[in-house]
Amino acid sequence: MLKMWRNKRAITPVLSNVLLMVIAVAGMSIAITATYVITGNLRDNMGERFIVEDVWFTTGTISIYLRNTGKTAMHIAGVYVNYTAESFTQLSLEPLEHGWSNVTYSWTANTVYHIKIATSRGTQVADYYRSPS
Amino acid sequence: MQTIIGRHRSLRQNRQGLSNIIVVVLSLVIIVVIVSNVILWSYQMNQLDWEKMQESMTISSVTRVTRSSWYVTQSEYAVNLGSRTNGSYLYTQVVDSNYEGFRESAPPRSLDINGTFSIDVTIYPLAYIQSVEIQLRYKVDDTGEKWYLKAYNWASLTYSDIGFNNTAGHTPSAGWNYYAVNLTSQWSSYVQSNGKILVKVHDQQPDPTRTNVDIDFLGVRAVINGALFTFQNKGSRTAHLVSLWVNNSTEHKRYDIDVVVNSGETFSYQRVDTQLPNGQYTVKVVTERGNTDIYTEG
């Protein structure tokens, strides 16, 4: 035991090798995780598609029916009416799912509104809609 | 051999160079994985967009449907009074020149037959049926007495015409005659939950003449308030229709649908639960790829 403690030159290379291995494994793990995260985000951004099936003007509300036609889940992050953010009911859709999101808005009859829907990844769908007379 | 051993020895001595190579190779692997992943996914999404562009779906027509098709008997009529003279029940399934003949019994000279009919409740669920109609096409050689249509009332367990729009019977003329009755709002008493309905044809009362009756057609049908949509796929891709909208100024109604239309084909799609609004309305169909077509009426 004493002999081993005295012969420090033998322990140093072992320790250094182990340390280097740990550093190398940690580095590769970080690199692989980063690769996974980067490609995953890119895939999600590229795979996001949705359409507006219907827009229905009811008293004090504009109801928007959305369908996720993409290959990734989506979350509505903002609805803009005439370039102004409005409050709306939260909506998250898995691929092929569909549902209503109600925007609280006091619209006036027979008026054209620019409505833009933006997802949390930044995908946007915008169009003009005329309110009923 | 000496060259290889020499190279190996120098490689072992020059460890800094070896680690550089490993780092470069691993970095290259990571970059290749990222790039290939992105390119492959981009290719897939481009294909998705390309397919969407190639899709072309149109709504050719939208019509109101108020009646189901005719349901005819699938078994021989039971002759309670009188006799069968010629033909079979198969001849009463279509309006044509073929008929099934019956003759009144020997005194008291009467005819009483009944048949079993069945409305397909998988196509026309009872919840969407508004009434039921019975139609008879027949010919007699004695126009002096009335003929009656009745149905079996599953509540009172007897043949009846209570609630029919016509309970006075039908006086035939020479040649073929049509006699139709509507069961009005009382129809549910005459139709079992599986759509079964028993229909009876009988004469007015015993009379001096022994009448021959030829029945060309006897059928029942449901009165509904549905819609028939005709979709035409003008694109080069098979279209999967997933959503149907019927909108007017006061209401936007959405229906989940699952209709596949081949490229170049036209498909008729009937719904008994879809009521078309009066006045102006818009019908919209949405495909799984996200294309939409609109049909406006009124």
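Since every read-out is calculated from the coordinates, none of them should be taken as a lab result. Predicted model only: the values in this text are computed from it and were never measured. As a convention, Cβ positions derive from the backbone with ideal geometry for all residues, glycine included, and neighbour counts pool all protein chains shown.
Could you list, in sequence order, all residues of the stretch A:56-68 that are facing chain B (nearest Cβ under 9 Å) and in contact (Cβ under 8 Å) with a residue 24 or more places away in the chain? Answer for the stretch A:56-68, where residues must be facing chain B (nearest Cβ under 9 Å) and in contact (Cβ under 8 Å) with a residue 24 or more places away in the chain: A:S63, A:Y65, A:R67.
Residues that are in a loop (DSSP other than H, G, I, E, B), surrounded by fewer than 19 Cβ atoms within 10 Å (Cβ to Cβ), more than 10 Å from every other protein chain (Cβ to nearest Cβ) and on the phi > 0 side of the Ramachandran plot: does the stretch B:266-286 have at least one? Yes - at least one qualifying residue is present in the stretch B:266-286. The sole residue among B:R67, B:R109 that is farther than 28 Å from B:S189 by Cα and more than 14 Å from chain A (Cβ to nearest Cβ) is B:R109.
Restricted to the stretch B:234-252, and to residues that are assigned to a strand (DSSP E or B) and in contact with a Pro (Cβ under 9 Å, 6 or more places away or on another chain), which residue is surrounded by the most Cβ atoms within 10 Å (Cβ to Cβ)? The selected residue is B:V246. Screening the stretch B:197-210 for residues that are farther than 23 Å from B:V95 by Cβ and not polar (S, T, N, Q) and picking the one that is surrounded by the fewest Cβ atoms within 10 Å (Cβ to Cβ) gives B:P208. Given the structure, is B:F231 buried (at least 19 other Cβ atoms within 10 Å of the Cβ) and either assigned to a strand (DSSP E or B) or within 14 Å of chain A (Cβ to nearest Cβ) (or both)? Yes; evaluated as a whole, the condition is true for this residue. Taking the criterion of being over 30 Å from B:Y77 (Cα atoms), more than 14 Å from every other protein chain (Cβ to nearest Cβ) and touching a residue at least 12 places away in the same chain (Cβ under 8 Å), would at least one residue in the stretch B:252-260 satisfy it? The answer is yes, given that some residue of the stretch B:252-260 is over 30 Å from B:Y77 (Cα atoms), more than 14 Å from every other protein chain (Cβ to nearest Cβ) and touching a residue at least 12 places away in the same chain (Cβ under 8 Å).
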